[in-house]
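The values are calculated or read from the model by the stated rules, or taken from the named source; none is laboratory data. It should be emphasised that the depicted structure is a prediction, and the values quoted were computed from it without experimental measurement. When we count neighbours, we look across all protein chains shown, and the Cβ atoms used for this are built from the backbone with ideal geometry, even at glycine. Side chains included, ligands, DNA and RNA excluded: accessible areas come from the protein's heavy atoms. Shrake-Rupley method; radii C 1.70, N 1.55, O 1.52, S 1.80 Å.
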Amino acid sequence: MRVLVTGGAGYIGSVASAELVKADHEVVIFDNLYQGHRAAVPEAAVFVEGDLADRSAIDGVMAEHQPDAIMHFAAYSLVGESMKAPFKYLGENVTNALNLLESAVAHGVLKFILSSTANLFDQPENMPIAETERIVPGSPYGESKAIIERYLHWLDKTHGMRSICLRYFNAAGATPELGEDHSPELHLIPLVLQVAMGQRESIKIFGDDYETPDGTCVRDYIHVLDLAQAHILALKALDRGSQVYNLGNGQGYSVKEVVETARRLTGHPIPTEITPRRAGDPAILVGASAKIREALGWKPQFSALEDIVRSAWDWHQKHPNGYGDR
């Protein structure tokens with residue numbers, strides 16, 4: 001199958017692209033390199049530099065490469081930033097996705113996998129969070145994904161577009177070749193590891209007064225390779241009809257637990273600094289994944305926090321400056 005991967009030079013998109021190549025799919029990556037890296041693109045993939053804000057560029061890719069399916073990773077994805085810049089998220093994330101969807105329909109590409117988010121659930125009534133949980137987005141970022149999911153719902157009914165929305169929690173870890181390199185970096189595990197490598201003095205903990213066992217936020221961390229495998233399983237299942245799946249390990253780890261795990265693995269003291277809470281941060285987010293496990297046979301291979309952090313540590317030690325293109 002020929003798959004168009006938007007954001008395929010980014011963290012999760014690049015790993016998914018590499019796994020698609022290993023599974024003998026043809027991969028065309030469309031990325032503006034805003035947060036992506038040319039060095040992260042698999043050699044066997046076709047790379048097209050372009051922006052989803054440019055409808056003509058999307059049409060050009062569709063016409064030239066004629067994909068069978070689309071995996072949509074490209075988006076602004078920072079919860080905190082979205083609270084400060086809502087128009088960027090409610091505007092550009094949604095408009096760019098609409099450009100992509102309109103072009104897909106126009107070119108007869110009716111298989112679509114959306115990289116969605118657990119930020120659809122601000123204050124969930126049940127934990128772990130299942131697909132039946134009511135959607136109350138926790139930020140403009142989460143709202144943008146909710147809107148795109150609704151677009152896909154209606155395109156199924158009006159144009160027969162089959163889609164799978166994968167709502168996942170905190171992507172983390174690395175493969176030997178591909179890791180996490182954002183500028184600026186705002187994700188917990190790479191930030192903690194930067195302290196261990198002497199690239200920053202301490203790690204900030206945003207609030208230690210949450211109603212959790214140690215007062216810090218609890219999150220469900222999923223290895224990026226397990227996420228990529230879920231996307232490939234979803235690709236195979238599109239012919240069965242549209243679905244939404246939550247992707248989680250079913251076990252949460254607090255910020256302090258992540259720091260302690262990194263201290264143990266790196267041998268570095270990793271000083272911490274307690275700062276005020278961030279807007280839009282729920283106390284606990286842990287995902288249920290029984291539905292995708294039963295329906296598609298998905299089973300995380302790297303569910304232990306220690307394995308996730310170790311894989312990231314190994315990659316960052318080999319790539320102390322990330323991909324070296326910033």
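Before moving on, here are some points about what is shown:
- Across region 49-85, the qualifying residues are those that are part of a loop (DSSP other than H, G, I, E, B) and not hydrophobic (A, V, I, L, M, F, W, C), and the one among them that is most open to solvent (accessible area, probe 1.4 Å) is Gln66.
- Of all residues in region 201-217, none satisfies being open to solvent by 10 Å² or more (accessible area, probe 1.4 Å) and within 16 Å of the chain's Cα centre (by Cα).
- Inspection of region 284-298 identifies no residue that is touching a helix residue (DSSP H, G or I) at 6+ places or on another chain (Cβ under 9 Å) and charged (D, E, K, R).
- Candidates in region 88-120 are the residues that are under 30 Å from Ala283 (Cα atoms) and out of contact with any helix residue (DSSP H, G or I) (no Cβ under 8 Å at 6 or more places or on another chain); of these, the one that is most open to solvent (accessible area, probe 1.4 Å) is Glu92.
- From the list Ala69, Ala97, the lone residue that is closer than 20 Å to Leu155 by Cα and touching a Lys or Arg at 6+ places or on another chain (Cβ under 6 Å) is Ala69.
- Subset of region 260-310 [in contact with a Ser or Thr (Cβ under 6 Å, 6 or more places away or on another chain), open to solvent by less than 50 Å² (accessible area, probe 1.4 Å) and modelled with pLDDT of 95 or more]: Leu305, Val309
- Residue within region 8-21 that is closer than 24 Å to Asp239 by Cα and either among the aromatic types (Phe, Trp, Tyr) or loosely packed, with under 15 Cβ neighbours inside 10 Å (or both) present: no
- Put simply, of Gly179, Gly250 the only residue that is part of a loop (DSSP other than H, G, I, E, B), of a type in the set (Gly, Ala, Ser) and on the phi < 0 side of the Ramachandran plot is Gly179.
- All positions within region 31-48 that are among the charged types (D, E, K, R), in contact (Cβ under 8 Å) with a residue 12 or more places away in the chain and open to solvent by 40 Å² or more (accessible area, probe 1.4 Å): Arg38
- Test for Gln229: is it of a type outside the set (A, V, I, L, M), closer than 20 Å to Thr132 by Cβ, modelled with pLDDT of 95 or more and open to solvent by 40 Å² or more (accessible area, probe 1.4 Å): no
- Out of Ile29, Ile12, Ile70, sole residue that is under 15 Å from the mean Cα position of the chain (by Cα) and not acidic (Asp, Glu): Ile12
- Filter result (in contact with a Gly (Cβ under 7 Å, 6 or more places away or on another chain) and open to solvent by 20 Å² or more (accessible area, probe 1.4 Å)) within region 123-146: Pro128
- Filtered residues of region 89-122 (kept if outside any helix (DSSP H, G or I), in contact (Cβ under 8 Å) with a residue 12 or more places away in the chain and among the small types (Gly, Ala, Ser)): Ser115, Ser116
- For region 277-306, the set of residues classified as in a loop (DSSP other than H, G, I, E, B) and among the charged types (D, E, K, R) consists of Arg277, Arg278, Asp281, Lys299, listed by residue number.
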